[in-house]
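The values are calculated or read from the model by the stated rules, or taken from the named source; none is laboratory data. Please read these numbers as outputs of a predicted model, since none were measured by experiment. Neighbour counts run over all protein chains shown; Cβ positions are idealised from the backbone, glycine included. Keep in mind that these areas ignore ligands, DNA and RNA; they rest on the heavy atoms of the full protein, side chains included. Shrake-Rupley method; radii C 1.70, N 1.55, O 1.52, S 1.80 Å.
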Amino acid sequence: MSDPILSVRNLTIRFKGDGRETQVVHGVDFDIHPGETLALVGESGSGKSVTSFALMRLLPEAPRCRIDGQIRMGGTDLLALTEPQMAAYRGPRIAMIFQEPLTSLNPVHRVGDQIAEAIRFHRKMDRTAIRARVLELLRMVGIPDPERRMMAYPHEMSGGMRQRVVIAMALALEPELLIADEPTTALDVTVQAQILDLLRDLQKRTGMAMLFITHDFGVVAEIAERVMVMYSGRIVEEGSLGAVLERPRMPYTSGLLASVPRFEDAGQSKGPLGTIEGFVPSPDKLPAGCSFHPRCPQFRPGLCDQRMPELLPHGRPAHPVRCLRAPDLSLVPEVPA
Amino acid sequence: MLRFLVNRILQGCVLILIVSMIGFAVINLAPGGPLSQYAMTPGMSQADLDRIAHQMGLDRPLPVQYLDWLGNMLTGDWGRSYRDQSPVLDVVWRHLGATLLLMGTSTAIAIALGTMVGVLGALKRYSIFDYMATVGAMIALSIPTFWFGLVAIFIFSLELGWLPAGSMYTVGDQSLGDYLIHLIMPSLVLALVNVAIWSRYMRTATLDVMHQDFVRTARAKGLPRWRIVSAHIVRNALIPMITLAGLQLPTIIGGALVTETVFTWPGLGRLFIDSLGYNDYPVIMGLLMFSAILTVIGNFLADIGVAFADPRIRLG
Amino acid sequence: MSNPQTAPLSSPATTSVPTRTSALRRFARNPRLRKFMRHRLAMAGLVTIIVLTLACFIGPYLLPYDELYIDLRARFSPPLTGAHIFGTDPLGRDIAARLFSAGQISLTVGFLAMVLSTLIGTAIGLVAGYFGGWSRVGLMRVTDAFLSFPSIFLMLTLAAFLRPSPTMITLIIAVTSWMEVARIVEAEVRGQAGRDFTIAARMIGAPHWWIMFREILPNIMGPIIVAATLTVARAILLEAYISFLGYGIQPPLPSWGNMLNNAQQYLDSAPWLAIVPGVAITLAVTSFNFIGDGLRDALDARSVN
């Protein structure tokens, strides 16, 4: 395999507030390779969004938030850069699209100007060249009549169109890595599918890598090649799409998979959708042992509540799993594939 | 757009009408009443007073007098000053320039300073600067403007001799520089309260905008910090400030009144105080109406300004 | 807000002493009170106001001079001349004595004007917010009209035509500064009118006045208290403005504002005439503004819990 374009080592994130320090991400390691799509999956509160924001260095500044570890990109540790140096990475090297297309555009500027702005501060280009590039980008993300649409304000566009604008903005400088933080969650189902198609297509054309953050395994199956499942600030299972989706070894992954509605089941209901009982624990009140044990159907007293399991290879094909019971459990997805 | 215009003009008219009723009632129901200036004249008998009252139409019922006055006002006849018999509108017009010069300069200073202090305070929240600005604004709001003016005159005119103690120009030297040097102290003194108010609101507005998603998007685009602050944070935080500027107009006019008195500035405020001294009812009433009309126009302009600054708002 | 004072009323007289201490203790443990006590500026303001009030009301008895005593040989004595700690005025009257008795008038006018304008504002806001519809439109339009011209214009007009006694000045300030309170109360009441307990009270047939005064008013006391505190500051300032311009409290009765009335012409020779009363006004107004700020932090429903 080629050298990773981004490698994260022992990433640890703590928030400080009201005199307390809360650790929300615990020593996360992963690599992203050129051209691949890595999905980072978990419920809200699992630390997946915080992790992605840390890669862009978009978290609050030093006293309120402490980030340790390394985020290496082409031999440079992004965490060691000054803010202006980091700004030079945002856009041409890493770009990001967000969950809420409604609020992630500035309401008082024309969308064309907002895309142009992303180019203007990184490339020495004249007005006409920038305008041409903006039109090209709008066409590329499938916005009809771009000459007219570039003059529009965000509130004059639909949610799907706005998300296309955000994507155009992120792709303006052809980044090596695109971080997509739940980009389809706020959209209608049909629009969701269009945006996923668009991202897949753009990735094919530009060859960029993508880190795709989601809570929805349905979306993961559509887009990802590799999957990383996160729970309570730790990676709990990691592997190829096939390995994780078809032979999950961590009960949390199985639970998430069981909660995805399937087209095949439509009309022939086999009872309620599977759910995982309870909630993600608050980061400052993590249970002893495996963080997932209070909700785990395979919980074994005296084992799971004693120590935190390591991330070790299990299963066939073998892939890293963080579960003490993985050796003696042969799990299959509750809904057979 | 047309509906908005008609609506706002109607609302403004209702407001001015209510103001005129309040003002008219106050002036005409007061114990002295418009006749008091004649009552002071020696040798004036009650019969003479009654005759004057009849001539001036003061013996008619108040609502009739009001309607009469209103009709005249609408046709541009605001009455004549008791002092020199010149039309009220002329008198107001003569003093308008000085007041607008003072208010305009002072408001420009207040907006510039207040925006800076407010934005810096928000960006460096809980810093020493922010704390000082907060406490400083509260103290600035508590200092009587006229007293601040007196202290400024004492320090900068009497002790240091840097600036003139009052009036708008030196007789015989009406150069631009002369006007400017006379303008410095009164406009800064008048600006103090407004810097305080403006910086407080600007701080709140900036904090509101700072944590919105589009600011994060702007950072994700790799924009330099100054560009994020200017084009995304301040640009959006200024929108509610336009409305505030309209609403603050009465406060600024009121502040101008005392500032003009302390600095013997020949504007509407001084005219008002002088007219009070002479019981010059038509001018007093005219100034009350004028300030209300100015406020209504100011708020109207503010609404249009907001619509220009915020594409989401359509006048209609 | 819970009201600890109501507890002892229901208990028998024999046990009232222990109950009162426990009520007092409960009051001292009130999180809002503690929050207010931790607000340093508010506490500084409170202490300043208490000291200033004591000085104004007790000070005159401790000074060797009467505020009306004229000593033409001692005209324009600078501060710290003999027993004249703040000096004397153009008639040789002791400024400290005048400052303190002026303070009695200025503080009383400010306080009473606050009480009156808060009552007017609360009444108008309650009616407008509770009944809504045309009464709201009408009352709030009048409120807007009052707000849309500089209140100092109206105040001076009134003061110029009416006999400016301290009572009249208090009334004039009150009728020209109730609008803020009215707006706040109206907005709060509108928020409360649709709440469950209000609707419940309507269903059991409680009369309107009962709902307004017993159900709604206690729930919006916080914002009213804050607005009232800031109104004291405003009223003291307004009295100073109109007295400075010569239409307020009339000499020989001293007020902080009218002490400054002639100060400008002696600014060169006797600057203390301007400085001393101005500092007193600024201190008093700043203190009330600080207290108001502390109360806002403490009583803001969102900031507790």
What quantity of accessible surface, computed with a 1.4 Å probe and excluding non-protein components, is buried in total between chains B and A, in Å² to the nearest 100? 2200 Å²
In the range B:134-238, which chymotrypsin sites (Phe, Trp or Tyr not before Pro) are in a loop and have at most 12 other Cβ atoms within 10 Å, using DSSP for the loop call? B:162
Rounded FRET efficiency, nearest 0.05, which uses the C-beta distance separating residue B:274 from residue B:5 and R0 of 30 Å: 0.20
What percent of all Cα-Cα pairs in chain B falls in each 10 Å bin, counting up from 0? 5, 20, 25, 23, 16, 7, 2, 1, 0
Residue A:85 paired with residue A:328, simple spin-label distance in nm, labels 7 Å along Cα-to-beta-carbon: 5.1 nm
Tell me whether the range C:203-305 comes out rounded, prolate or oblate; compute the Cα gyration tensor, take square roots of the eigenvalues as a ≥ b ≥ c, and use a/c under 1.5 as the rounded threshold. oblate
Work through the residues other than residue A:132 whose Cβ is under 13 Å from its Cβ and net out their charges, Lys, Arg +1 and Asp, Glu -1. +2
Taking 4 °C and 1.567 mPa s as the conditions, I'd like the Stokes-Einstein D for the protein assembly as shown in µm²/s, using the Kirkwood hydrodynamic radius from alpha carbon pairs. 39 µm²/s
Put +1 on the Cβ of every Lys and Arg and -1 on every Asp and Glu Cβ in the protein assembly as shown; which of A:23, B:91, C:53 then has its Cα farthest towards the positive end of the dipole? A:23
Shielding score for B:8-15, defined as the mean number of other chain Cβ atoms within 10 Å: 2
For the range B:297-314, list whatever residues lose no less than 10 Å² of accessible surface once every protein chain is in place, relative to that chain by itself, with the probe at 1.4 Å. B:311, B:312, B:314
Carbon and sulfur atoms: what percent of the 1.4 Å accessible area of the protein assembly as shown do they account for? 61 percent
Filtered GluC sites (Glu not before Pro), the range A:1-80: DSSP coil and at most 14 other beta carbons within 10 Å: A:61
In percent, what relative contact order does the range C:168-305 have, based on Cα pairs under 8 Å that are 6 or more apart in sequence? 24 percent
Stokes-Einstein diffusion coefficient for the range C:158-244 at 25 °C in a medium of 0.890 mPa s, Rh from the Kirkwood formula over Cα pairs: what value in µm²/s? 162 µm²/s
Under a Cβ-only charge scheme (Lys and Arg +1, Asp and Glu -1), can you give me the dipole magnitude of chain A about the Cα centre, in debye to the nearest 20? 500 debye
Per 10 angstrom bin, beginning at 0 and ending with the bin that holds the maximum distance, the Cα pairs of the range A:1-72 fall in percents of 18, 51, 25, 6, 1
Please give, to one decimal in nm, the separation of the simple spin-label points placed at residue A:225 and residue A:307, each 7 Å out from Cα toward the Cβ. 3.7 nm
Would you pull out the residues with amide H under 5 Å of residue B:78's amide H, same chain only if 5 or more places away, H placed 1.01 Å from N? B:88, B:89
Ignoring ligands and nucleic acids, chains C and B bury, in total, an accessible area (1.4 Å probe) to the nearest 100 Å² of about 3900 Å²
Quote the relative contact order of chain C in percent (integer), defining contacts as alpha-carbon pairs under 8 Å separated by 6+ residues. 23 percent
Using modelled backbone amide H atoms (1.01 Å from N, in-plane), which distant-in-sequence or interchain residues come within less than 5 Å of residue A:6's amide H? A:32
Based on the mean of other beta carbon atoms within 10 Å per residue, what is the order of C:129-138, B:242-251, most packed first? B:242-251, C:129-138
Over all alpha-carbon pairs of the range A:6-232, lay out the pair-distance distribution in 5 Å bins, whole %, shortest bin first. 1, 6, 14, 18, 19, 16, 13, 8, 3, 1, 0
Could you tell me the relative contact order of chain A? Use alpha-carbon pairs under 8 Å, at least six residues apart, and round to a whole percent. 20 percent
Using a Förster distance of 22 Å, how high is the FRET efficiency between residue C:250 and residue C:76, based on the Cβ-Cβ distance and rounded to 0.05? 0.45
For a quick check of understanding: with a 1.4 angstrom probe and all protein chains in place, what accessible area in square angstrom does residue B:265 have, to the nearest ten? 0 Å²
Cα centroids of the range C:188-212 and the range A:128-160: how far apart, whole angstrom? 53 Å
Accessible area in square angstrom per residue, the range B:88-309, 1.4 angstrom probe: 39 Å²
How many nm is it between the label spots at residue B:213 and residue A:299, if each spot is 7 Å from the Cα in line with the beta carbon? 3.5 nm
Taking only DSSP H segments of four or more residues, each worth -39500 (n - 2.57), what value at 222 nm results for the protein assembly as shown once the sum is divided by all its residues, to the nearest 500 deg cm²/dmol? -18000 deg cm²/dmol
Can you flag which of A:48/A:124; A:285/B:221; B:124/B:221 are past 26 Å Cα-Cα? A:48/A:124; A:285/B:221
If Lys and Arg each add +1 and Asp and Glu each add -1, what is the summed charge of the other residues whose beta carbon sits under 13 Å from the beta carbon of residue B:16? +1
For an R0 of 51 angstrom, estimate the FRET efficiency from the Cβ-Cβ distance between residue B:17 and residue A:21 and round to the nearest 0.05. 0.25
Rounded to whole Hz and in sequence order, give me ³J(HN,Hα) for the range C:46-57 from the Karplus expression 6.51 cos²θ - 1.76 cosθ + 1.60, θ = phi - 60°, writing x for Gly and Pro. 4, 4, 4, 5, 5, 4, 5, 5, 4, 4, 5, 8
Which values of log₁₀ I(q)/I(0), to two decimal places, follow from the Debye formula for chain C at q = 0.08 Å⁻¹ with a uniform point scatterer at every Cα? -0.47
